[in-house]
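Working notes, structure below.
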Amino acid sequence: MQRRLGNSPIRLCLYLIAGLLLVCRSAFADSRIASSNSFLPESTPARDVYYLALFALTVTGCIFVVVAALLSYAVIKYRARKTDPEHEPAQVYGSTQVELAWTVIPIIIIVVLFLTTARIIFAIQNAPQPKTDLKVTVIGHQFWWEFRYPEYGIATANELHIPLWTKQDPDTTYLTLLSADVDHSFWVPELAGKTDLIPNHPNEMWIDPQKAGVYYGQCAQFCGLEHSLMLIRVYVDTPEQFQEWVKNQQKAAVDDPDVAAGRQIFETQACVNCHTINGTTAKGTYGPDLTHLMSRGTIAAGAATNTPENLSAWIKDPDTFKPGAHMPAMQLTDEQIKQVVAYLTTLH
Amino acid sequence: MADQTFPVPSPLNTERSGNAAFLEWLHSWVVTVDHKKLGILYIVYALLFLVVGGAEILVVRIQLAFPWSGIVSPGVYNQLFTMHGTTMVFLMGMPILFGFGNYMVPLMIGARDMAFPRLNALSFWLTAFGGFLLYFSYIGGFGLYGMGNAPDVGWFAYAPLTSKLITPGHNTDYWALSLIVAGFGTLGTAINIVATTICMRCKGMTLSRMPLFVWLMFVTSALTLVTITPLTAAQIMLEIDRYLGGHFFDPVGGGSPMLWIHFFWIFGHPEVYVLVLPAFGIANEIIPVFSRKPIFGYTAMVAASVGIGFVSLTVWAHHMFTVGMSAASNSFFVLSTEVVGIFTGIKIFNWIATMWGGRIQFTTPMLFCIAFVFQMLIAGLTGIMLSVAPWDWQLHNSYFLIAHFHYVLLGAIVTCVFAAFYYWYPKAIGRKLDERLGKWHFWLFLLGFHITFDIMHWVGLDGMPRSIYTYPADRGWQGMNIIITIGAFIQGIAVLIFVWNMIWSRWHGEIAGNDPWDAWTLEWAAPSPPPPYNFANDPVVRSRRPLWDIKHPNDPDWKYEP
Amino acid sequence: MTTASILVSEGPHPPSRGMVAMSCLIIGESAIFTLFIVAYVFFMGRNVSGPTPAILSPPWVNTVCLLASSFTVLFAERAIDRGQMKRFAVLWAITILLALKFLAGTATEWRDLIYNHGLTISVNVFGTTYYSLVGLHATHVILGLIMLSVVLGFTLTGHVNETHAERIKVLALYWHFVDWVWVAVFTTVYLIGR
């Protein structure tokens, strides 16, 4: 075995690298729909960070090239050879000039980097806040996001809708970040860096997305059992779409007599303790607001797509998608679940 | 100079039946107060947890190789990464480095033992008790809810996730109490090393002649005094919250989760330097020997180490750029953090300058040290990237951060620890570790390390956060995660080769003699393995390289040193 | 002292191992106290409900007792240096009495706070930080008291003499720390925090 692989570890390593390259080729072909790459910024805070990152990367890259080259040169040039003389090489103890040089040069680099960084910190953190902008309160829960729009009196969950920023209509969105229980962190890499949601410590951040579309992110501070499935979607709508969405959200819940049975089950079960549906007796605030459930693409903070089948499975046993979610299995009969789902699917 | 060997008195020399001899041998290890035996105990203990913590993370890596893989449940996953982090920092990292310190510091300064041999034994057994207490949480019975669960709140244990309300059961208490106990052990060892360094140096061993490893252990220990105690204090507060109904970190009762974050990182950041400074010390010993030159810029190295020690106390909030501090505080911590980069830069340049003009022998310890310098360079530079606060808003808690600190912990610290094993194993055991197995270990480890952690930077930039047990399939992280997992297993195999090498060479390794590497510090003047009293006669030194002076009487070091 | 350390003839004589170790311990302990004091200061005026620091009255007598015990220990150290063992025993015993007085004072104070003011450790952040900080200090006093008592026991049975002066000084150093850290605690809790 060893003979065939070649008897040096370096040879084996080369084989392994070649094999890995083959794996890579197939591995990177996998599906990639929801990108969340911090190097694809679409909003000012993310873009400022991106350019600062490029600057820092250039500086550190240059340092790396120089130092790695020196190291490689030293290791190769000064390796022990058979032709070396018997006696030890010249014993050098140090040199104050050289020491001084490689202390002063890094200091200069650090000063430059620090000043650039501080400028961006102040630019993002202390940006003037126009009064007309949209304000959204983000509340982190174990394990979902609550989005409240105080100006419009609406509340939704996990999928944030905000207007596009354009030159004609510069609508920046300000997020106030609160937490209902433990620490969370709001992170949508293509819009901005992350900011934590800490109980008793309100935070703020702002975004001004300049391209319509959906942006993906998730909780970035370990918050317990289902931290992994606390996903965020940000829908950046054109101003018209956004106004339309707001109008729809402000309406009371659809009251379709065809699904009255499901509504009755919903209202008489424990559902109402945690969920709100405007226009019904359901006024709970522990779980997401369901008034316009069907306007959302996902359920369970992005753990599953919002389809009737998934809704049934979720109500039957939330552990199917998200073991550890605080929603209990509702212990309804299959018939009852069917009726409740029929009711829920009318909530556009 | 004591260079002759003495018969080592050992209970094993007496003729006894196998069982009784074994018990006596075991007893001698339990009651020992010899710094060398305790050092070995520390190291064996730490290696045990290296394997345990490594196994934990391999399960994690299998889980993450595919989205929705479902190998382990989220609860088990959270326990695994919490235990991995806690184990590697407290039960593996610190004990193994303090183990080397314990073994080497008295030998290097020409002392016969530590300043307080019995305190030394107490410290070890406290540390060991803490470690086993932490793992007892796995089997602590299932009677009460949460009793049989390992801690699952992350090794940073951010409040209020740790409150009794949100995490009931006793697993968090196991975490806090075991680390308090282990912390007292660490404190004892730190005190001991400081006292040993100050009071026990042999004749002529002035502070400016101490080997750099001793200097670094000294700085580390001094730093430990003010590093481990804040954690103990914070954990006592946590236990007051959990058991006495206090409100330090409880937001409902007016407490402040922010306070925990501050307190944890006041411990947590200097802790990184507590781990990395001894590693620097190891490189400071090995690189000169195999370059056949003295360390370049001894004074600068000492100054940079002491500098890092002080500055490291002012940088903790760079772990907190995302918690919403003012722009001014953020800027301050950017600056203080980048200052550390200057000191680390000085060290890296000095190591390269030591090799420059030398005659580099590519023995296994030297290979590890060269890899260490290269990886420390990268770890330092990604550290600079993370210190750029706005960029940290993107990188923090992403896999980029994980990659960065594993570059420090594994790429720098563990790599140096491996070097230390290959370098000092002959001293402790009397036989060399096998060079062929050593080369396999090195190259496989290097390969696995770079596969895993180089890719990890990318997946972090692509938005993958840490501490997640699964991820949506449509994010495009899967391919990279498979490769990371493959790399992790290659490292696992390399570590197994290393462990096998340790066992095999114990009986079959090449006999080392007192000074197998033609080195220059005092420990090589003692027999291998050293007798309980280390040196037959108290050594007297006149320079930083006492053995060089003996080997080159015509050209001794003390002629050139100030 | 081992031979090795005695042999160091260059430079100043190295300090005793015990003193170095105790100084290190004190540095570490200071860090613990610092964190508790920081927590106390951080939560000053952040009470949501319940009793406030206004209910505290500075325990002056207690403070004087504790600080005085630092001086009695100092005189005891001098006594043992000169081999005056009787004098040492008396001073040592006075120290213990002063420490006991301090603890008794704290106990009375706490009893008053709990029964007459309803301040417990779980009632609000003031209670939590107050009992933790003062309790941390009291724990140190108790630990010191145990060690002082052991020494007194050995002294009375005639097992302590001037050859133990150095070890006594190490213990005394701890006691000085316990006494003087009280100044920081006292200032924070009873003077600034009120």
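The values are calculated or read from the model by the stated rules, or taken from the named source; none is laboratory data. On a predicted model such as this, the values are computed, not experimentally measured, just so you know. Please note: Cβ atoms are built from the backbone with ideal geometry, for glycine as well, and neighbour counts cover all protein chains shown.
Points to keep in mind about this one:
- Hits in segment A:204-247 - residues which are basic (Lys, Arg) and within 7 Å of another protein chain (Cβ to nearest Cβ): none
- Applying the criterion of at least 1 residues that are within 14 Å of chain A (Cβ to nearest Cβ) and surrounded by 19 or more Cβ atoms within 10 Å (Cβ to Cβ) to the helices (runs of 4 or more DSSP H) found wholly in segment B:9-102 leaves B:35-65, B:74-86.
- Some residue of segment B:485-495 being at the interface with another protein chain (Cβ under 8 Å from one of its Cβ atoms), more than 26 Å from B:Val153 (Cα to Cα) and part of a helix (DSSP H, G or I): yes
- Residue in segment A:302-321 that is under 30 Å from the mean Cα position of the chain (by Cα), buried (at least 18 other Cβ atoms within 10 Å of the Cβ), modelled with pLDDT under 90 and not aliphatic (A, V, I, L, M) present: yes
- One residue from B:Thr172, B:Thr197 being in contact (Cβ under 8 Å) with a residue 12 or more places away in the chain, β-branched (Val, Ile, Thr) and under 17 Å from B:Ile261 (Cβ atoms): B:Thr172
- Answer from A:Thr58, A:Thr132, A:Thr83 - the residue that is hydroxyl-bearing (Ser, Thr, Tyr), more than 10 Å from every other protein chain (Cβ to nearest Cβ), outside any helix (DSSP H, G or I) and under 35 Å from the mean Cα position of the chain (by Cα): A:Thr132
- When the residues of segment B:432-463 are filtered to those that are within 27 Å of the chain's Cα centre (by Cα) and in a loop (DSSP other than H, G, I, E, B), the one that is farthest from the other protein chains (Cβ to nearest Cβ) is B:Lys432.
To keep it simple, each residue is scored yes or no on (1) within 22 Å of B:Gly183 (Cβ to Cβ); (2) within 14 Å of chain C (Cβ to nearest Cβ).
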site: B:Ile236; (1), (2): yes, yes
site: B:Asp250; (1), (2): no, yes
site: B:Tyr273; (1), (2): yes, no
site: B:Arg292; (1), (2): no, no
site: B:Ser305; (1), (2): no, no
site: B:Val315; (1), (2): yes, no
site: B:His319; (1), (2): yes, no
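- Test: residue in segment B:398-406 that is in contact with a Pro (Cβ under 8 Å, 6 or more places away or on another chain), within 14 Å of chain A (Cβ to nearest Cβ) and under 30 Å from A:Thr195 (Cα atoms): yes
- Complete set of residues in segment A:147-173 that are free of Cβ contacts under 8 Å to residues at least 60 places away in the same chain, surrounded by fewer than 17 Cβ atoms within 10 Å (Cβ to Cβ) and not acidic (Asp, Glu): A:Pro150, A:Lys167, A:Gln168, A:Pro170
- In segment A:55-69, the residues that are under 12 Å from B:Ile384 (Cβ atoms) reach residues that are of a type in the set (S, T, N, Q) with C-beta atoms within less than 7 angstrom, at least six apart or across chains, in these pairs: A:Phe55/A:Thr116.
- Scanning segment B:81-99 finds no residues that are aliphatic (A, V, I, L, M) and out of contact with any Leu (no Cβ under 8 Å at 6 or more places or on another chain).
- Single residue of B:Met355, B:Met376 found to be crowded, with 20+ Cβ neighbours inside 10 Å, touching a Ser or Thr at 6+ places or on another chain (Cβ under 9 Å) and under 30 Å from B:Met464 (Cβ atoms): B:Met376
- Segment A:237-257: number of residues that are of a type in the set (D, E, K, R), touching a residue at least 24 places away in the same chain (Cβ under 8 Å) and in a helix (DSSP H, G or I): 0
- Selection status of B:Ala159, within 14 Å of chain C (Cβ to nearest Cβ), crowded, with 24+ Cβ neighbours inside 10 Å, over 30 Å from B:Leu212 (Cα atoms) and modelled with pLDDT under 95: yes
- Condition check for B:Ile191: modelled with pLDDT of 95 or more, crowded, with 23+ Cβ neighbours inside 10 Å and within 11 Å of another protein chain (Cβ to nearest Cβ): yes
- Residues that are part of a helix (DSSP H, G or I), of a type in the set (Phe, Trp, Tyr), out of contact with any Gly (no Cβ under 8 Å at 6 or more places or on another chain) and within 14 Å of chain B (Cβ to nearest Cβ) do not occur anywhere in segment C:80-90.
- From the list B:Gly509, B:Gly476, the lone residue that is closer than 23 Å to A:Ala220 by Cα and either surrounded by fewer than 24 Cβ atoms within 10 Å (Cβ to Cβ) or modelled with pLDDT under 95 (or both) is B:Gly476.
Here's the yes/no breakdown for (1) in a loop (DSSP other than H, G, I, E, B); (2) under 17 Å from the mean Cα position of the chain (by Cα):
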residue	(1), (2)
A:Val138	no, yes
A:Gln168	yes, no
A:Asp171	yes, no
A:Asp181	yes, no
A:Leu197	no, yes
A:Pro209	yes, yes
A:Val214	no, yes
A:Gly224	yes, yes
A:Arg233	no, yes
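- When residues of segment B:496-517 are limited to those that are touching a Lys or Arg at 6+ places or on another chain (Cβ under 8 Å) and in a loop (DSSP other than H, G, I, E, B), the one nearest to A:Ala304 (Cα to Cα): B:Gly509
- Of residues in segment A:287-302 being assigned to a loop (DSSP other than H, G, I, E, B) and more than 14 Å from chain B (Cβ to nearest Cβ), the one nearest to A:Leu160 (Cα to Cα): A:Arg296
- Flag if B:Ile413 is part of a helix (DSSP H, G or I), more than 11 Å from chain A (Cβ to nearest Cβ) and surrounded by fewer than 22 Cβ atoms within 10 Å (Cβ to Cβ): no
- Restricting attention to segment C:107-142, the residues that are surrounded by fewer than 17 Cβ atoms within 10 Å (Cβ to Cβ) and in contact (Cβ under 8 Å) with a residue 24 or more places away in the chain add up to 4.
- One residue alone among B:Val219, B:Val214 is over 22 Å from B:Leu409 (Cβ atoms), surrounded by 24 or more Cβ atoms within 10 Å (Cβ to Cβ) and at pLDDT 95 or above, and that residue is B:Val214.
- The number of residues in segment B:418-443 that are among the aliphatic types (A, V, I, L, M) and either more than 16 Å from B:Phe98 (Cα to Cα) or out of contact with any Pro (no Cβ under 9 Å at 6 or more places or on another chain) (or both) comes to 3.
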